[in-house]
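Input: a single structure, listed below in structure tokens.
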């Protein structure tokens, strides 16, 4: 279907595995720094504190399952890339297991958390608030980032499993999978930090 | 000198003279045309004297002098097919060795002047270049060992590979035989009349210097150097006598009025020429009959061997593997499978019209774990690795009455092994030789010395093999009755069932093994006596080493020298629809998949009723538990795909819904402002 396709997008993302491997440690450090700075700012300069909300056990379970699957995926993939430069063997198998969990927990997360993460954008003439007040903007933003990048990261591999694409396109999908996977981890880390700060009453 | 004169001279010195030198070019001729040059040329002998072909005492022509007048012979001699003895050159990727096979003693030793790991250097076994030529000259195009005595010793005074001085007797033989020079026509003849068989016959007669003229059909040769005594002096030969050097009679039909000879030369060798040395095909019960086998798909598409394996005048033939560095510095990245069919680093991917493979639905990880050849080349893996015949090992290309599948040396393929984490198909052989064990190290003995020592013990008839001799078991009626029972044993053998025939064959093999053990004990004892307490006599074969135990019986033990030697195969490339994995994931990712669980059984030169056998995954170094886990993960994968798409459909719908709502709300907010 796309086998003979060739466009600039393909050219940009293709054959970038080495770049990803080289950039990964710096990007992970950068993520940790951003989270750290955010936490420090939240602690030292607390703003208007949002009301604490009580989570149901179901919400806890879904969120925990999501974080667990993301953690497994990150540990197996980035761990392998950082230690031996390539994801294969048992690490790849564990990654596959984590992926299976992630694919099925993500829609549950989306259904459970989408409404609390709705932004407050009132329609024309509308006076009442439309968005949820449960979270402030930062967890909401990172939730949607997590959901969107999670969708991309899952779809890139699902699509690669069906015989639609040729080698270049599959390489592109893999590259897209790498970068979107990194984005999932970044989004999850930021989301957790936002949630935690809010739970501690710093935001 | 005026100042401007000085400036002009300086300028001309800095610019003009080098330019003039460059303009002179080489002393060797080129046409730089894609057309072929008609080679009507004079012949020259090894002493650089022009030959009159009508002279009844004409000398054999020398390719080194005749062809070397216009072509750089010394440069050619450093090319891949001739430079194995140049120890200063990189050995390159290990390839097919020369296997010294002596069926009388159960010997098959992989040899290589390149010192590839797992092979033996002929010098280390006291196999001289003379011996090497007489053993393998059938598939050598001359040069290398054929000119070893003419090679200059290493400049630092230290002997290097192939610089061993021949013994006086061998030196006398070289003096009479002449050098076996590189015969350009061996590969570049466009004439089907060129006969490698004649070449080999001349070599066997020790008529080295006469072989090129005879093989090309330029001359008929009368006489055999092999028939002359070592101390024969050509100057003392009586005219017309029997003891004289071979007589060369040139074929007048190949000459023109000026006594120039026509050489039907082609620049790039024909595939049939390459195939003379590089034919390899499966044999045995599972093999497609030879007449029904396909050649490499590239040749079917109209390409030739030299399209992907070209060379310069230095004859540095491109071998075509990834990462190959060409001595000329020219990039050859696009001459590997991946470089040509995918995108090579030199931007030449797709040359010669190479189609870009689709590999639809194949996760890219496979391109990191598998070589192209793993799925596309050689015989497809089946339950057992299959016996293979190769031209270099089995002398294909020459008429023989015995090309049966068990012809020694035993080689099997495909054997999939990892190299730096990438899976490649290999051919594999198991060394077999008599050796000496000293301080834990086993050194093979010279095969001819072994034959001399053990001739009376092994008692192998001329033309027979040790395997045949030991396996010639005649079962008694009692033996048969013991296996089949009185009634079944008494009927005609042709009426036996398949199981009964197999049971009898197993008994024969067990008895042959028993006979071999007795023979082995006697042979090791004899060999040990000849050692005079200098080491322990051993026999290596079938993946094991054997020595005499304290009870005087042979005992098997493990040793590194018994390990098989394997080399990567590149051909024949199969069509896409015959590629491994073409039918889907389960072809490889399922229990029992031949690519991982095919059996590789050691081939011995002697009877072995319990041969070493390994699964492909063992030899490749894979983790079986991991393979099994992968296979399990593929159970229900189709269902997983459907469910996965459904799950992502839900996520996608939610994203889309909120995106639309958000966008609408955003614009609404703007309008409110």
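Quick note: the coordinates plus some simple rules give every number you see, no bench work behind them. This structure is a prediction, so every number in the text was calculated from the model and none was measured. As a convention, Cβ positions derive from the backbone with ideal geometry for all residues, glycine included, and neighbour counts pool all protein chains shown.
A few comments on the model shown:
- Exposure proxy ranking, count of Cβ atoms within 10 Å, fewest first, for A:84, A:159, A:97: A:84, A:97, A:159
- Cα gyration tensor, region B:279-399 - rounded (a/c under 1.5), prolate or oblate: oblate
- Nearest-0.05 FRET efficiency for residue B:88 and residue B:419, computed from C-beta distance (R0 22 Å): 0.30
- Summarising the label geometry, the points placed 7 Å from Cα in the beta-carbon direction at residue B:490 and residue B:171 lie 7.4 nm from one another.
- Note on A:172-179: average number of Cβ atoms from other chains within 10 Å of each residue's Cβ is 1.
- Separation in nanometres of the label points that stand 7 Å from Cα toward Cβ, at residue B:197 and residue B:459: 3.7 nm
- Highest average first, the peptides B:636-646, B:190-200 ordered by how many other beta carbon atoms sit within 10 Å of their residues are B:190-200, B:636-646.
- For B:586, B:120, the sequence from fewest to most other C-beta atoms within 10 Å is B:586, B:120.
- The overall shape of chain B is oblate: from the C-alpha gyration tensor, with semi-axes ordered a ≥ b ≥ c, the ratio a/c is 1.5 or greater and a/b is no larger than b/c.
- R0 of 51 Å, Cβ-Cβ distance residue A:196-residue B:591: FRET efficiency to nearest 0.05: 0.65
- Segment residue B:618-residue B:475, length gained on full extension (0.36 nm per residue, minus Cα span): 47.7 nm
- Ranked by the mean number of other Cβ atoms within 10 Å per residue, highest first, peptides B:405-413, B:510-518, B:492-500 order as B:405-413, B:510-518, B:492-500.
- In a fully extended conformation the segment linking residue B:26 and residue B:307 would gain 98.6 nm over its present Cα-Cα distance, using 0.36 nm per residue.
- For region B:452-466 versus region B:621-673, the spacing of their alpha-carbon centroids is 73 Å.
- Gain on full stretching of the segment that runs from residue B:50 to residue B:641 - 0.36 nm per residue minus C-alpha separation: 204.9 nm
- Per residue of peptide B:630-637, the mean number of Cβ atoms on other chains within 10 Å of the residue Cβ is 1.
- Inter-site label distance for residue B:290 and residue A:55 at 7 Å from Cα along Cβ, in nm: 7.4 nm
- Neighbouring Cβ atoms from other chains, within 10 Å of the Cβ of residues in A:159-170, number 6 on average.
- Neighbour-count order for B:127, B:491, fewest beta carbons within 10 angstrom listed first: B:491, B:127
- Highest-first packing order for the peptide set B:48-58, B:521-531 is B:521-531, B:48-58, based on the mean count of other beta carbon atoms within 10 Å.
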